[in-house]
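Worksheet: the structure to be examined is printed underneath.
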Amino acid sequence: MKPNLADAFDFSGKHVFVAGGSSGINLAIGEAFARLGARVALASRSPERVEAAAAGLRDLGAEAAGFSADVRDPEAIRAALGGAAERFGPIDVLISGAAGNFLAPATGMSANGFRTVVDIDLNGTFNVLRGAHEFLRKPGAAILNISAPQSINPTAFQAHVCAAKAGVDMVTRVGALEWGGAGVRVNSVVPGPIDGTEGMDRLAPTEASRKAVTDSVPLGRFGTPQEIADCCLWLSSPMAAYVSGAIIPVDGGWSLGGASSLGKGF
Ligand code: COA
Ligand code: NAP
């Protein structure tokens, strides 16, 4: 049977909740859904940043709202998810991408520095997933955890992120196992080095380090936020109805080995 592509990517009236959605890749994902008709809820710590981001989506003609919540606080993130569900209905697509990062060797990282990133990336991912359960559309919801190549490649100066994102991918797999019966799909999207983002500015702050990154990507260039959003649209659509528990790199081949070179010369 010939698939109807126009209908598959029509997200009119669907509720898309983006945790960590006030900037960068996650905001670009929210914007991509907004342009296809979705009602988009964005959550992040800073009330000003998240409200400004939601206002930007409303300027595109979308229904959008911002919620201030720290993913490290299970009650706060549950309240944001509940508030969004009250406004936009059951959550059809949950994007979980709040994260923190900095380059530091293990000897330059305090216990609190390690814990902080694990708390945001890994515990935060669990808090979002767990808090969302009662508000998800069942059957039908798609959950996308935004992971990183550090989940696959051990990477110098990234002990905290490697540990946290590897855990994120396991939360994805276990979520897919436990919630598949309710008709909920859970997948990880693994962005490669994405130009013009906070994450890449922190990890490759100089021209030399930017060149080292692109030299180590088989496709020879940075990716764009839109390329990550495109994968998220597909994964949330009926075109991916049988995809669950997958860890999908969108990285120009970087996670085949190049990602381990990040931080060289730091
Ligand atoms: N090198 C070593 N340690 C660092 C560090 C660095 N560059 N930056 C922060 N830390 C340590 C701090 O010293 C602190 O440890 P200490 O109490 O032992 O001194 C610990 O990390 C927590 O820092 P704090 O600033 O209190 O955390 P926060 O919760 O306010 O912010 C961060 C979290 C550090 C991750 C912050 O950079 C952030 O908010 N990032 C979000 C944006 C981002 O990282 N985007 C990229 C996503 S890939
Ligand atoms: P970014 O712009 O810094 O986005 C991070 C978002 O998370 C912001 O909206 C931030 O807003 C929010 N956030 C941070 N800590 C939070 C917390 N404790 N609670 C709630 N929200 C929090 O980063 P990015 O570079 O676009 O990265 C986005 C995602 O892609 C991350 O998951 C990252 O690991 C992944 N990734 C990025 C790259 C890259 O090249 N950039 C590569 C691989 C993977 P507030 O400050 O308002 O809280």
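Given the condition away from ligand 1 (no atom under 16 Å from the Cβ), part of a strand (DSSP E or B) and surrounded by 14 or more Cβ atoms within 10 Å (Cβ to Cβ), answer yes or no: does some residue in the stretch 161-178 qualify? So that I can check it myself, show each step before the final result.
Taking the stretch 161-178 and keeping what is away from ligand 1 (no atom under 16 Å from the Cβ), we get 170-178.
Now narrow it down to the ones that are part of a strand (DSSP E or B): none.
No, the stretch 161-178 has no match at all.
Yes/no matrix, rows are residues, columns are (1) under 18 Å from residue 169 (Cα atoms); (2) of a type outside the set (S, T, N, Q):
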position	(1), (2)
104	no, yes
108	no, yes
112	no, no
125	yes, no
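Among residues belonging to the stretch 107-153 that are within 15 Å of ligand 2 (Cβ to nearest atom) and part of a loop (DSSP other than H, G, I, E, B), point out the one that is most open to solvent (accessible area, probe 1.4 Å).
Per the criteria, the residue is 152.
Say we look at the stretch 197-223 and pick out the residues that are open to solvent by 80 Å² or more (accessible area, probe 1.4 Å) and part of a helix (DSSP H, G or I); which of these is nearest to ligand 1 (Cβ to nearest atom)? Don't jump to the end; show me each part of the working.
Filtering the stretch 197-223 down to residues open to solvent by 80 Å² or more (accessible area, probe 1.4 Å) leaves 198, 201-202, 205, 207, 211, 215, 218-219, 221.
Subsequent filtering for residues that are part of a helix (DSSP H, G or I) retains 198, 201-202, 207, 211, 215.
Values: 198: 4, 201: 8, 202: 6, 207: 20, 211: 20, 215: 21 Å.
That would be 198.
Could you list all residues from the stretch 25-51 that are assigned to a helix (DSSP H, G or I), over 14 Å from residue 12 (Cα atoms) and in contact with a strand residue (DSSP E or B) (Cβ under 8 Å, 6 or more places away or on another chain)? Write out each step before concluding.
Initial filter on the stretch 25-51 (assigned to a helix (DSSP H, G or I)): 25-35, 47-51.
In the following step, the residues that additionally are over 14 Å from residue 12 (Cα atoms) were identified as 25-29, 47-51.
Correct list: 25, 26, 27, 29, 47, 50, 51.
If you check 49, 45, 72, 39, which single one turns out to be in contact with a His (Cβ under 9 Å, 6 or more places away or on another chain), modelled with pLDDT of 95 or more and surrounded by fewer than 24 Cβ atoms within 10 Å (Cβ to Cβ)? Don't jump to the end; show me each part of the working.
Numbers: 49 fails: in contact with a His (Cβ under 9 Å, 6 or more places away or on another chain); 45 fails: in contact with a His (Cβ under 9 Å, 6 or more places away or on another chain); 72 fails: in contact with a His (Cβ under 9 Å, 6 or more places away or on another chain).
When all the criteria are applied, what remains is 39.
For the stretch 22-36, which positions are touching a residue at least 60 places away in the same chain (Cβ under 8 Å) and either more than 10 Å from ligand 2 (Cβ to nearest atom) or open to solvent by less than 30 Å² (accessible area, probe 1.4 Å) (or both)?
26, 28, 29, 30, 31, 32, 33, 36
The values are calculated or read from the model by the stated rules, or taken from the named source; none is laboratory data. The structure presented is a predicted model; accordingly, all values stated were derived computationally and were not measured. Positions of Cβ are backbone-derived with ideal geometry, glycine not excepted, and every protein chain shown enters the neighbour counts. With ligands, DNA and RNA removed, areas are computed over all heavy atoms of the protein, side chains included. Shrake-Rupley method; radii C 1.70, N 1.55, O 1.52, S 1.80 Å.
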